[in-house]
Amino acid sequence: MASFTLSRHHVASSVAVLSGAKLVHRSAASLRSRVRATGRRLLTTVAAEADTAAEQRADRAVVSSGDDRLEICRVINGMWQTSGGWGRIDNEDAVDAMLRYVDAGFSTFDMADHYGPAEDLYGLFINRVRRERGDELALQVRGLTKWVPPPVKMTRAYVESNIDRSRKRMDVKTLDMLQFHWWDYADNGYLDALKHLTDLKEEGKIKTLALTNFDTKRLQIILENQIPIVSNQVQHSLVDMRPQTHMADLCNVMGVKLITYGTVMGGLISEKFLDANISIPFAGPALDTPSLNKYKRMVDAWGGWNLFQELLREVKKVANKHGVSMSTVAVRYILDQPAVAGSMIGVRLGLKEHIKDSQAIFRLQLDEDDYERIASVTKRGRDLQDMIGDCGDEYRRA
């Protein structure tokens, strides 16, 4: 596989940056320099960036491949929390909550075929939007779903039946985005599945085709097979910076975006866990959800609870400086990373909301001192690329 060694500055040199409500672009000379340095393949990417940058707002991003194009909110409502383990979900309360998020500008929802009732809830929600708010608002809402098939032969009929099931549950003619996951790279049936998905996209059943938890090597193979991928959804946080090791460089060269999850680590990056001693039962906040337990394991792999507390204290200083929450700082930091189009924040629909914190993300601008404070701790953690492997490898270890 080709080696990608572009620096962070080089990779980010053509990305539009926001100053208040205005888009400020790097100079034309910088863009020309980037094209010369990276080769003719990059010319298409730079042109696409120039075409879409003017349309982007602080809270919106465009993911695209060729003529396939989708505008999404940069803070995405993650619906993993509907799958159980976070409290009982009432359908009516959940749909009410989804409407409140949309009214606040957070109109992109992420789900999966295996997230309990997530796709069905989206179907109830989008029907209510059509009924009560009309088609204009309905067309602004985005429903991103995932397909996580078992290891079986990927025939056209099998692939199509699963896509049709999601379309029926979500009550849409066309899926805004289908994000594909694959368990075993030793079985290259993922290429068969993606070719069938590409055909279904051409037939109008899918608007944009994406990946989730694929590593850099397989992403490159997929792109070399002319599969029109717009994004790859991966874990990315202050603790887990693996996407910036190799993945972001490839994405920037090829025009693919990253959508991130685990960015607030299930709530671990928050005031609730600052200075918390979780080693003594009942002495501090409980790790009482699947996501808290999942990301506590990432903390252990990265450097342990004591080092994580040092990180939280520095994040708290940055948060106090800007008058925002710690989770707001954590999300803003990742949104500012190369190739990142959007970051997921889990929503406990009808149980708990964080709309105000999410709105603050778009007003926050971190400065060099903020980055240095955070880096003073993160650089002392273990390299998770070495510990675990590339993006998504934690799901494929024996």
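Worth a mention:
- Highest-first arrangement of 361-369, 243-251, where packing means the average Cβ count within 10 Å: 243-251, 361-369
- Extending 7 Å from the Cα toward the beta-carbon at both Asn277 and Gln309 defines two label points whose distance is 0.8 nm.
- Rounded to the nearest 20 debye, dipole of the stretch 57-395 from Cβ charges on Lys, Arg, Asp, Glu: 420 debye
- For the stretch 57-395, the direction-averaged projected area of the alpha-carbon convex hull comes to 16.6 nm².
- With only the Cα atoms considered, the stretch 124-219 has a convex hull volume of 97 Å³ per residue.
- Here the Karplus curve 6.51 cos²θ - 1.76 cosθ + 1.60, taken at θ = phi - 60°, turns the phi angles of the stretch 244-255 into couplings of 8, 6, 9, 4, 5, 5, 4, 4, 5, 5, 9, x Hz, with x standing for Gly and Pro.
- Asp383 paired with Asn91, simple spin-label distance in nm, labels 7 Å along Cα-to-beta-carbon: 5.1 nm
- Whole-angstrom gap from the stretch 218-263 to the stretch 186-211, using each part's C-alpha centre: 17 Å
- Computed from backbone phi with θ = phi - 60° and the Karplus coefficients 6.51, -1.76 and 1.60, the 3J(HN,Hα) list for the stretch 161-175 is 5, 6, 5, 5, 5, 5, 4, 5, 4, 7, 6, 10, 6, 10, 6 Hz; x is used for glycine and proline.
- 5 angstrom amide H check on Ile206, placed H, neighbours 5+ away: Leu175, Lys201
- The Lys356 and Asp120 beta-carbon pair, evaluated with R₀ = 25 Å, returns a calculated FRET efficiency of approximately 0.30.
Where a number appears in this text, it was derived from the coordinates with a stated rule and is not lab data. Keep in mind that this is a model prediction, so the values were computed, not measured. Here the Cβ is made from the backbone with ideal geometry for all residues, glycine too, and neighbour counts use every protein chain on show.
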